[in-house]
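One structure is given here, and the rest of the page talks about it.
The values are calculated or read from the model by the stated rules, or taken from the named source; none is laboratory data. These numbers come from a predicted model, not from an experiment. Ideal geometry is used to build each Cβ from the backbone, glycine not excepted, and the neighbour counts take in all protein chains shown. Heavy atoms of the whole protein, side chains included, go into the accessibility calculation; ligands, DNA and RNA do not. Shrake-Rupley method; radii C 1.70, N 1.55, O 1.52, S 1.80 Å.
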Amino acid sequence: TITPAILTGIIPGTHTIKLTKAGYYNWAGTVTVLSEATTNVVATLTLITGSISVTSTPPNASIWLDGVDSGTDTPAILLGIIPGTHTIKLTKNGYYDWAGTVTVMAEATTNVVATLTLITGSISVISTPTGASILLDGLDKSTITPAILTGIIPGTHTIKLTKTGYYDWAGTVTVMAEATTNVVATLTLITGSISVISTPTGASILLDGLDKSTITPAILTGIIPGTHTIKLTKAG
C-alpha cells in the first residue's frame, strides 16, 4: 500500500515502519500500537538531490540557476539541486553572458565548464596621408590606414602610425565595449633645407619658380625631399 493509508489488524506493541519512494531517501521509525486505538505516523521524506560544479574562464562570474541568482561566483559547487534539467547562466562585467542547460542526477555532481567571451570594441584609424602602418600597444597590426581594428580590449591603448618620409605619429585611444573609437591623424612630412649663398649677395631666390621673398645668403627650410629648381636674380 502507499501513503496515505490506515493499517488495520496490527498487534499492540512496538513496531518499526519504513517509507520508500523513488527519488527520496527512505524514512524509518518506530511506532507503538495500542489495542483498539489508531496511532498516527506523520513522516517527511527527504528528496535525493544532486549538485552542480561550475567553473569558468575567467573566474568570479555570477551564477544564475533557473533564472535565479544563486548568490555565488565561479568556481563553486551548487548543492541540493533537484534532479532533472536546469538552465544555468553566468554573468560577468565586461563579458557576454554565458548560458546553457545541465542535467542533474540524484547523488551525483554534474560539471559545468564555461568560457566567457570578452566584450570588445574597435578602432577606426584614418590618416593624412593614407598608407601609414599601424602599431597598437607596440605591436605591428600588419595593416595600413585607413583601417578598422576589431576585437580590441576595452581600456586605454597606445597607437603609433609610421610612413616612410614622415615623422611617426603617436597618441592614446580609449576603447569602449561594443563601440568604435575614431582616430584621425595628420602625419608631418620629414623635410630638408637649402643653404643658398651667392656672390654678390642680395640675390632674390626663386624655388621651383616661386619667389621665396628672401635674398642671399639664406637658408630655405621645410623643403620636400627630391629634386628642385632654384634661380637667383639680381638687378644688373
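Quick look at the numbers
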| read-out | value |
| --- | --- |
| ³J(HN,Hα), Karplus 6.51/-1.76/1.60, whole Hz, each residue of the stretch 156-172, x for Gly, Pro | 8, 10, 9, 9, 9, 10, 10, 8, 4, x, 10, 5, 4, 10, 9, x, 10 |
| Rounded to whole Hz, the Karplus (6.51, -1.76, 1.60) HN-Hα couplings of the stretch 190-199, x for glycine and proline | 7, 9, x, 9, 10, 9, 10, 10, 9, 10 |
| Accessible area (Å², per residue) of the chain, counting only protein heavy atoms and a probe of 1.4 Å | 63 |
| Inter-site label distance for residue 35 and residue 182 at 7 Å from Cα along Cβ, in nm | 10.2 |
| Nitroxide proxy distance, nm - points 7 Å out along Cα→Cβ at residue 7 and residue 172 | 7.9 |
| Of 112, 54, 184, the one that fluctuates the most in a GNM where the chain has Cα springs shorter than 10 Å | 184 |
| Residues of the stretch 1-33 with amide N under 18 Å of a point placed 7 Å along Cα→Cβ from residue 105 | 22-25 |
| Cβ-based net charge around residue 78, under 13 Å, with every Lys or Arg adding one and every Asp or Glu removing one | -2 |
| Potential lengthening between residue 117 and residue 91 on full extension [0.36 nm per residue; Cα-Cα distance subtracted] | 8.3 nm |
| Relative contact order (%) - criterion: Cα under 8 Å, at least six apart; region: the stretch 22-103 | 24 |
| Distance in nm between pseudo-label sites at residue 210 and residue 14 (7 Å out along the Cβ direction from Cα) | 11.5 |
| Environment charge at residue 183 (Cβ cut-off 13 Å; Lys +1, Arg +1, Asp -1, Glu -1) | +2 |
| 157, 228, ranked by accessible area, largest first (probe 1.4 Å) | 228, 157 |
| Average Cα contact separation per residue, the chain, under 8 Å, 6 or more apart, as relative contact order % | 11 |
| Highest-MSF residue in the chain out of 111, 40, 182 [GNM, Cα springs under 10 Å] | 40 |
| Cut-off 15 Å between beta-carbons: net charge of the residues surrounding residue 203, Lys and Arg +1, Asp and Glu -1 | +2 |
| Stretch gain in nm, segment residue 158-residue 48, where the contour uses 0.36 nm per residue and the Cα spacing is subtracted | 33.9 nm |
| Derived scalar couplings ³J(HN,Hα) [the stretch 174-179; Karplus, 6.51 cos²θ - 1.76 cosθ + 1.60; whole Hz; x for Gly, Pro] | 9, 9, 10, 5, 6, 9 |
| The stretch 117-225: chymotrypsin sites (Phe, Trp or Tyr not before Pro) falling in loop per DSSP and having at most 16 other Cβ within 10 Å | 167 |
| The stretch 1-45 versus the stretch 143-183: alpha-carbon centroid distance in Å | 77 |
| Alpha-carbon centroid distance for the pair the stretch 199-213 / the stretch 96-110, whole angstrom | 85 |
| Residue 119 long-range amide H proximity, modeled H, under 5 Å | 95, 96 |
| Length gained when the stretch residue 150-residue 130 is fully extended (0.36 nm per residue, less Cα-Cα span) | 5.3 nm |
| Dipole in debye (nearest 20) - the stretch 37-160, about Cα centre, beta carbon charges: Lys, Arg +1; Asp, Glu -1 | 280 |
| Computed E for residue 227/residue 60 - FRET, C-beta separation, R0 41 angstrom, nearest 0.05 | 0.05 |
| Protein accessible area in the chain, 1.4 Å probe - carbon and sulfur % | 55 |
